[in-house]
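The values are calculated or read from the model by the stated rules, or taken from the named source; none is laboratory data. Since the structure is predicted, the reported quantities are computational estimates derived from the model, not experimental observations. In this analysis, Cβ positions are derived from the backbone assuming ideal geometry, glycine residues included, and neighbour counts consider all displayed protein chains.
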Amino acid sequence: MSVFSLLVKQLRSHPALIPLFIFIGGGVTMSATYLARLALKNPDVSWDRNNNPEPWNKLGPTYQYKLFAVNMDYSKLEKDRPDF
C-alpha cells in the first residue's frame, strides 16, 4: 500500500484532519517561498564570489531590497556612502 493511498484512506475516515493538512501545506509553501526569496534577492548572499565578490557595493541608493518597508520611500534617497 502506498503512502498516498494510506493518507487518502485516513482522511476519509477522519475528515477533521483536512484543515490541518491544508494549513500545514500552506505554511510549508510560504516558508519555502520566503527562503528562496532571501537566497536569491538578498544583497548579503553572494552566489558568485569570483565575478562579484561584494554585491552589496553595487546596489543603487534607490534599490529596495527589503520585503516590506514601513514609511520609507526609496525613490527619494540620495547616495550617502563612498565608492569602493
Does the stretch 19-33 contain any residue that is modelled with pLDDT under 90, exposed (fewer than 11 other Cβ atoms within 10 Å of the Cβ) and out of contact with any Lys or Arg (no Cβ under 9 Å at 6 or more places or on another chain)?
no
Pairs returned, first residue in the stretch 18-45 that is under 21 Å from residue 8 (Cβ atoms), second residue that is of a type in the set (Lys, Arg), beta-carbon separation under 6 angstrom, 6 or more apart or interchain, are none
